[in-house]
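**Q** Supplied in structure tokens, the structure appears directly below.
Just so it is clear, none of the values below were taken in a lab; they were calculated from the coordinates. Everything numeric here is computed off the predicted structure, so don't read it as measured data. When we count neighbours, we look across all protein chains shown, and the Cβ atoms used for this are built from the backbone with ideal geometry, even at glycine.
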Amino acid sequence: MRKINFILPATNDKPIGGYKIVYQYANELSKRGYMVTINFLFRVIPKTNAFYLERLKRLKWRLRGPEFPAQQVTWFKLNKNIRINWNVVTFSDVPDADIVIGTAAVTAEYVKKLPDRAGRKFYFIQNYETWWFDDVESLEATYRLGLTNIVISKDLAQKVEQASHVSPMYLPNFYDDQEFFLERPIRSRRNVVALLNHIQESKRTKFGLKVLESVQREVPDLEVELFGAYQPVASLPDYVHFTYQATPKQLRNKIYGRSKVYLMPSVLEGWGLTGTEAMASGAALVASHVGGIIEYANETNSVLVDPNDFNKFVNEIVNLLKNDQRQQEVATAGYTSVQNYTLEKSTNRLISILFE
């Protein structure tokens with residue numbers, strides 16, 4: 001049986017798109033007969049002068065029991081055959097395997113230093129993760145570590161190749177068609193717009209709420225479905241309803257599934273998983289014209305806007321809310337196009353990259 005190690009940063013047990021993609025791959029690989037281990041790093045890189053302190057901290061955390069957030073994943077159902085390694089500190093904590101995959105920029109150096117017994121080394125790049133580092137050079141240095149780089153979009157491929165001078169492997173993302181599908185018809189939806197609440201500045205939640213404030217002046221019966229893994233930092237107007245850590249069923253049925261529009265005003269996305277989920281649930285996508293999003297979004301199946309054009313965001317959303325025919329055309333085209341991005345296809349491609 002072939003063995004695969006995934007290396008992730010520590011888990012805070014909150015829904016995160018990048019983690020979800022890894023968990024879905026892990027489940028599918030396990031279902032296909034691979035022995036999968038998910039290793040969560042207690043700290044990103046074990047420092048020699050802090051080694052014993054890290055070991056003591058980890059012991060203290062483990063004694064607190066399995067209910068402690070760093071030792072559980074409650075928001076996603078992992079296959080029972082997947083082995084989970086919590087709070088990994090030393091290289092000896094990582095089991096022998098055929099393949100080892102780093103899944104975030106801050107795991108890349110750790111993977112580079114692992115002994116060969118941990119597996120052939122890959123680096124799964126899901127975004128241009130500038131937030132981990134003080135400067136872009138430190139991020140781009142991770143692309144030059146000699147790992148086999150895997151990217152999820154052509155925009156990322158260009159950035160990684162420019163930094164490393166080596167062409168990465170291309171593995172487009174997917175959405176889970178067992179979780180996100182057309183449960184409510186596209187027709188006859190109320191004037192509802194969905195928006196992600198996120199602490200990352202690049203997601204631009206505040207910008208999105210300001211756009212919707214202007215939309216509401218034009219569309220007084222506007223309702224906003226705000227959702228996210230973190231609580232809002234400011235009070236919300238009456239027309240905004242917030243769902244904390246929404247489940248896939250809530251997203252499909254009560255958020256994406258009742259929305260005419262999903263607003264995605266990000267300035268940086270590796271892919272933009274929520275965009276495909278919303279499209280699969282029948283919402284028309286209004287999004288920034290940025291790399292990652294344009295991997296699956298185009299002028300036919302969505303509405304793309306220059307990220308700096310506030311007024312165009314407002315006008316495009318108002319137009320879709322007031323013009324049912326236009327909204328239904330965009331939503332239907334979006335729903336149809338995302339059917340191409342399946343877990344089965346992406347897993348087939350991943351296995352080909354890892355083993356052929």
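**Q** Quick one: what Rg and Dmax do you get for region 192-340 from the alpha carbons, in Å?
**A** Cα radius of gyration and Dmax of region 192-340 are 13.6, 39 Å respectively.
**Q** Here is a follow-up. Label 7 Å along Cα→Cβ of Q245; region 15-40 residues with amide nitrogen under 15 Å?
**A** Backbone N within reach: 15-17, 20.
**Q** Kindly rank 212-224, 282-294 from highest to lowest mean number of other beta carbons found within 10 Å of each residue.
**A** Most protected by this proxy first, the peptides run 282-294, 212-224.
**Q** Here's something else I'd like to know. Taking 0.36 nm per residue of sequence separation and subtracting the Cα-Cα distance, how much length would be gained by fully extending the chain between Q178 and Y230, in nm to one decimal?
**A** Going from the current span to full extension adds 16.2 nm.
**Q** Hey, another quick one. Report the gain in length on full extension from T74 to E201: 0.36 nm times residue separation, minus Cα-Cα distance, nm rounded to one decimal.
**A** That works out to 43.1 nm of additional length.
**Q** Please list 107-118, 342-353 highest first by mean number of surrounding beta-carbon atoms within 10 Å per residue.
**A** In decreasing order of mean packing, 107-118, 342-353 become 107-118, 342-353.
**Q** Evaluate E = 1/(1 + (r/R0)^6) for R2 and V89, where r is the Cβ-Cβ distance and R0 equals 30 Å; express this FRET efficiency to the nearest 0.05.
**A** It comes to 0.70.
**Q** Can you find, among Q231, Y256, Y296, the residue sitting farthest towards the positive end of the charge dipole of the chain, where Lys and Arg contribute +1 and Asp and Glu -1 at Cβ?
**A** Toward the positive end, the furthest listed residue is Q231.
**Q** Still on this structure, please answer the following. Count the net charge of all other residues whose Cβ sits under 11 Å from the Cβ of N27, scoring Lys and Arg as +1 and Asp and Glu as -1.
**A** +3
**Q** Quick query: amide H of F42 versus all other amide H atoms, modeled in the peptide plane; which residues come in under 5 Å with a sequence gap of 5 or more or a different chain?
**A** N87, V88, V89
**Q** Cβ neighbours within 10 Å, averaged per peptide: list 85-96, 146-157, 228-239 in order, most packed at the top.
**A** Sorting 85-96, 146-157, 228-239 by mean packing, highest first, produces 146-157, 85-96, 228-239.
**Q** What nm distance separates the two modelled labels at K154 and W131, each placed 7 Å from Cα along Cα→Cβ?
**A** 2.7
**Q** Let me spell out the model: positive unit charges on the Cβ of Lys and Arg, negative unit charges on the Cβ of Asp and Glu, origin at the Cα centre of region 192-340. What dipole size does that give, in debye rounded to 20?
**A** Using only the charged Cβ atoms, the result is roughly 300 debye.
**Q** To continue, here is another question. Using 21 Å as the Cα-Cα cut-off, could you pick out the over-long pairs in K3/K159; K249/K345; K20/K345; K3/K112; K77/K112?
**A** Where the Cα-Cα span goes over 21 Å, the pairs concerned are K3/K159; K249/K345; K77/K112.
**Q** Where does helix 154-164 land angle-wise versus the long Cα axis of the chain, in degrees 0 to 90, nearest 10?
**A** 40
**Q** Using the Karplus curve 6.51 cos²θ - 1.76 cosθ + 1.60 with θ = phi - 60°, work out ³J(HN,Hα) for each residue of region 203-220 in order, rounded to whole Hz, and write x for Gly and Pro.
**A** Values per residue, Gly and Pro as x: 6, 6, 4, 4, 4, x, 5, 5, 4, 6, 4, 5, 4, 5, 5, 8, 10, x Hz.
**Q** Gain in length, E218 to D116, computed as 0.36 nm per residue apart minus the alpha-carbon separation, to one decimal in nm?
**A** 30.6 nm
**Q** With +1 on each Lys and Arg Cβ and -1 on each Asp and Glu Cβ, how big is the dipole of the chain about its Cα centre, in debye rounded to the nearest 20?
**A** 1300
**Q** Which of the listed residues, V240, M35, N127, is farthest toward the dipole's positive end in the chain, when Lys, Arg count +1 and Asp, Glu count -1 at the beta-carbon?
**A** About the Cα centre, the residue reaching furthest to the positive side is M35.
**Q** What are the ³J(HN,Hα) couplings of region 250-262, residue after residue, when phi is run through the Karplus curve with 6.51, -1.76, 1.60 and θ = phi - 60°? Round to Hz, x for glycine and proline.
**A** 5, 4, 5, 8, 9, 10, 4, x, 10, 8, 6, 9, 10
**Q** Lys and Arg at +1, Asp and Glu at -1: add these up for the other residues within a Cβ distance under 15 Å of L226 and post the number.
**A** +2
**Q** Going by alpha carbons, how many degrees (0 to 90, nearest 10) lie between the helix axis of 324-337 and the longest principal axis of the chain?
**A** 20
**Q** Given the rule -39500 (n - 2.57) for each run of at least 4 DSSP H residues, summed and divided by the residues of the chain, what is its mean residue ellipticity at 222 nm, to the nearest 500 deg cm²/dmol?
**A** -10000 deg cm²/dmol
**Q** Next up: Kindly state, to the nearest 0.05, the FRET efficiency for N311 paired with N253, given R0 = 35 Å and r defined as their beta-carbon distance.
**A** It comes to 0.60.
**Q** Please compute the net charge surrounding R258, taking Lys and Arg as +1 and Asp and Glu as -1 over other residues with Cβ under 12 Å from its Cβ.
**A** Its environment carries a net charge of +3.
**Q** Excluding residues on the same chain fewer than 8 positions from K113, give the aspartates and glutamates whose Cα lies under 15 Å from its Cα.
**A** D93, D96
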